[in-house]
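Derivation of every value follows stated rules applied to the coordinates shown; laboratory data play no part. Small disclaimer: the values here were computed from a predicted structure and weren't measured. Glycine also receives a Cβ, built like all others from the backbone with ideal geometry; neighbour counts cover every protein chain displayed.
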DNA sequence: AACTCGGGGAG
DNA sequence: CTCCCAGAGTT
């Protein structure tokens, strides 16, 4: 159905805008008009809560205050500043896109939908957010908040996980934007979704548009939006080796860098293997598996000594159950035959405790190291 | 349309 | 526990 057929559109937009201007939060990125700053905030905010982003936003812009600064930075440093924030391709894409802006657009963030949408990591939501917030262009910025709010107020019962529903939402959201108020209105929608029209137990009693909310009238605000349930993460059992060096590597731990592509690309980690469910259930068998596979796959000759710790970590689609074993190198001189593994997808290196700040680790390994170093 | 890609906070 | 968050890219 055409967007113009939805009732109470003007009422909805005006009341929401007034509500926003009455009490909007003082967020760091709202203190800047720099399109680059807005851009950084929007990328960080993808699938990430406001409170989580704030400290990262400050650190990132302190180190990379301009497009030039980010474009010139070593990639490892960008990744390190992103450590713990997740979805690390965002960081790589952002730097790649910033370099593109420098080369192709003279360092000025483009202000047209066609140009900005070509930038890596800038999809339908982020392009609309930058265009509206930084340039006040009347483009919709439809995120999870906006879909929830629109689904409820206008009683849209389509599954919001379907791409077609997003198109409907974008058209409707575009038709709602009051003349000359795109930036504030789009932020009003998201702020409203975050603070009032929340996913669970929405605050209808304080809602500024409750009187004409279709879902509220039907008593169905708790049933909307319709969203198909995600598949549960598949379990993976992993065995990791905490290998302490001796001799010239005394006091150091062997770490490795993950491949360029895929999960946790280019981040550092403890050497570990994936084993079948049910395999290595006893520590004895697990240690044999670990020894055999590290030797076979990585030419890494270790002697597992004892169970060290246990860690679990859930990604969106995978659940890691990781058992860590304290290991020694098998070679008598403690130097793994002198050389670290080569001809594997990984890059190995010895790391002293004080060198952790030079490497970006997935959070599960940050936790493991913190615990290990606490034990001494 | 279905997967891949992190991590954490709230209830 | 479950849900989902100012999503994007790939197949």
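One table, with the values for the structure above:
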| quantity | calculated |
| --- | --- |
| Descending semi-axes in Å of the stretch A:34-129, equivalent ellipsoid built from Cα gyration tensor | 19, 16, 11 |
| Cα gyration tensor shape of the stretch A:107-146, rounded if a/c is under 1.5, else prolate or oblate by comparing a/b with b/c | oblate |
| Rounded to 10°, Cα long-axis angle of helix A:89-104 versus longest principal axis of chain A | 70 |
| Reference-scaled alpha-carbon Rg (2.2 N^0.38 Å with N residues) for chain A | 1.20 |
| Cα coordinate range in the stretch A:153-284, projected on the principal axes (Å, largest first) | 73, 38, 30 |
| Where only alpha carbons of the stretch A:28-74 are counted, the Rg and the Dmax (Å) | 10.4, 28 |
| Longest to shortest principal axis, alpha-carbon extents of the stretch A:234-375, angstrom | 40, 34, 34 |
| 0 to 90° range, to nearest 10: angle between helix A:363-375 axis and chain A longest Cα axis | 50 |
| Fewest-first sequence of A:78, A:122, A:366 by Cβ atoms within 10 Å of each Cβ | A:366, A:78, A:122 |
| Ascending count of other beta-carbon atoms within 10 Å, so fewest first, for A:154, A:365 | A:154, A:365 |
| Principal-axis tilt of helix A:182-195 within chain A, Cα atoms, nearest 10 degrees | 70 |
| Measure of compaction for the stretch A:54-202 (Cα Rg per 2.2 N^0.38 Å) | 1.15 |
| Fewest-first ranking of A:287, A:190, using other Cβ atoms within 10 Å as the exposure measure | A:190, A:287 |
